[in-house]
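Novice: To start, I am sharing the structure in question, which I have written as structure tokens.
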Amino acid sequence: MTNRIYLNGFGYYAPAEILTNSDLQKLVDTNEEWIVSRTGIVERHMAAPGETNSDMAVHAAYMALEAAGLEPSELTAILYATATPDSLVPSTAATVQMKLGIHRVMAMDINAACSGFIYGLQVAQGLLAADPGHNILLLATELLTGKVNWQDRATCVLFGDGSGAVVMSAEKRAPQQPALFSNDVLLEGVMSSADGTSGGEALRMTDGESNGRRYRVGDKIGDDYFIRMNGREIYKHAVRNMPEICNKLMDSLGYTIRDIDALIPHQANIRIVEAVGERLNMPPEKVFINIQKYGNTSCASIPMALCEALEQNFIRPGMRVLITAFGGGFTWGAAVLKF
Ligand SMILES: CC(C)(COP(=O)(O)OP(=O)(O)OC[C@H]1O[C@@H](n2cnc3c(N)ncnc32)[C@H](O)[C@@H]1OP(=O)(O)O)[C@@H](O)C(=O)NCCC(=O)NCCS
């Protein structure tokens with residue numbers, strides 16, 4: 001059993017096409033002021049026609065592998081967090097395995113909505129505890145613009161596409177002179193939780209079957225195919241559960257918020273991010289925000305934010321970083337990373 005788990009390399013990808021708030025104004029009855037004041041979002045990236053979830057992930061994967069100094073052939077497992085898979089079967093993890101040109105290693109999808117990256121860290125922790133020989137590629141990727149109802153102004157302004165990746169192992173792998181995304185980051189602790197009772201109706205996205213509805217060949221896609229959301233309900237639970245699990249995790253590690261140098265919450269909405277920071281008594285200047293550029297990219301938001309925080313020198317070697325997520329299900333979680 002290993003007791004040290006490292007994130008050896010990071011990568012991210014955002015598709016080239018950008019959808020601004022004024023572009024959305026042409027689609028639905030909305031305006032810049034409403035979107036920015038309620039969500040903090042200025043623009044979001046959108047996958048090109050024909051560009052798939054796994055296509056995006058491959059870009060992030062190669063970046064993380066290069067940072068970790070690992071060839072795809074050295075991987076032993078691919079964990080793929082997503083709620084918008086290329087297909088239910090095969091898993092998107094299996095598709096990525098093929099696209100990376102490797103064979104015969106474990107590959108599976110994890111659906112924990114926006115908390116998928118944290119859940120993935122926890123699954124990876126379990127795999128590495130059982131077998132420290134693993135080299136794990138954890139991907140977190142969403143193509144949400146394909147599941148958005150472009151007639152629903154309450155949801156279509158919120159979401160964007162993107163991908164984040166980390167390579168994990170029980171070994172230090174970074175080169176002598178660590179590059180930007182290769183840092184040998186220690187996973188000090190991770191916790192995940194869920195509550196289907198309160199979460200079941202607040203955020204739904206189905207793929208053909210919902211509450212007993214069965215699609216038959218030739219049926220038209222129903223509205224239930226698209227994201228449906230009760231924003232206020234999500235807000236209420238998000239600002240309660242993220243601080244709660246962060247405090248529980250910090251307690252278990254013997255830390256207080258004063259031991260944490262930076263907080264990176266899931267970029268769901270600027271008001272949620274700020275409220276989580278306030279409830280944890282984290283000074284605002286230590287809370288990383290990049291929702292203005294990407295919107296809510298669900299499980300991809302934290303690994304993408306980690307990469308941008310490194311690029312901007314917001315995170316530096318030696319810092320202890322608290323990440324936390326909340327999403328559909330409901331699911332939520334937190335992890336502490338020592339850079
Ligand atoms: C979605 C969210 C920004 C909405 O903010 P809100 O203050 O709760 O707004 P409401 O839904 O109550 O709507 C307020 C008004 O704005 C209107 N509105 C909704 N979307 C709008 C838009 N894009 N542009 C303009 N007006 C809009 C509503 O129709 C409503 O109008 P009414 O008062 O005339 O009925 C907020 O609830 C939120 O961030 N929730 C969390 C969502 C989330 O993070 N989801 C992902 C899960 S990780």
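The values are calculated or read from the model by the stated rules, or taken from the named source; none is laboratory data. Everything numeric here is computed off the predicted structure, so don't read it as measured data. Please note: Cβ atoms are built from the backbone with ideal geometry, for glycine as well, and neighbour counts cover all protein chains shown.
Novice: Working carefully through the options SER193, SER115, SER198, find the one that is surrounded by 13 or more Cβ atoms within 10 Å (Cβ to Cβ), of a type in the set (S, T, N, Q) and in the same structural domain as LEU75 (by TED's automatic domain parsing). Can you show your working first?
Specialist: On the way: SER193 fails: in the same structural domain as LEU75 (by TED's automatic domain parsing); SER198 fails: in the same structural domain as LEU75 (by TED's automatic domain parsing).
After applying the criteria, what remains is SER115.
Novice: Of the residues LEU121, LEU180, LEU127, LEU187, which is outside any loop (DSSP other than H, G, I, E, B) and touching a helix residue (DSSP H, G or I) at 6+ places or on another chain (Cβ under 8 Å)?
Specialist: Numbers: LEU121 fails: touching a helix residue (DSSP H, G or I) at 6+ places or on another chain (Cβ under 8 Å); LEU180 fails: outside any loop (DSSP other than H, G, I, E, B); LEU127 fails: touching a helix residue (DSSP H, G or I) at 6+ places or on another chain (Cβ under 8 Å).
So the residue among LEU121, LEU180, LEU127, LEU187 that is outside any loop (DSSP other than H, G, I, E, B) and touching a helix residue (DSSP H, G or I) at 6+ places or on another chain (Cβ under 8 Å) is LEU187.
Novice: Would you be able to tell me the number of residues in segment 25-39 that are near the ligand (Cβ under 9 Å from one of its atoms) and of a type in the set (A, V, I, L, M, F, W, C)?
Specialist: 3
Novice: Just checking, which of ASP259, ASP224 is within 30 Å of ILE315 (Cβ to Cβ) and of a type in the set (Asp, Glu)?
Specialist: Working: ASP224 fails: within 30 Å of ILE315 (Cβ to Cβ).
On inspection, the qualifying residue turns out to be ASP259.
Novice: Let me spell it out: the conditions are (1) more than 21 Å from CYS307 (Cα to Cα); (2) near the ligand (Cβ under 10 Å from one of its atoms), and PRO49 meets all of them except one. Which number is the exception?
Specialist: (2)
Novice: Also, I was wondering about something else. Quick check on this structure: which one of SER22, SER73 is within 16 Å of the ligand (Cβ to nearest atom), outside any loop (DSSP other than H, G, I, E, B) and among the hydroxyl-bearing types (Ser, Thr, Tyr)? Reasoning before the result, please.
Specialist: On the way: SER73 fails: within 16 Å of the ligand (Cβ to nearest atom).
Selected residue: SER22, the only one of SER22, SER73 that is within 16 Å of the ligand (Cβ to nearest atom), outside any loop (DSSP other than H, G, I, E, B) and among the hydroxyl-bearing types (Ser, Thr, Tyr).
Novice: Which condition number in (1) within 16 Å of the ligand (Cβ to nearest atom); (2) buried (at least 20 other Cβ atoms within 10 Å of the Cβ) is the one that TRP150 fails?
Specialist: (2)
Novice: Select from segment 272-303 the residues that are surrounded by fewer than 24 Cβ atoms within 10 Å (Cβ to Cβ) and in a loop (DSSP other than H, G, I, E, B) and list them in ascending order.
Specialist: LEU280, ASN281, MET282, PRO283, PHE288, ILE289, ASN290, listed by residue number.
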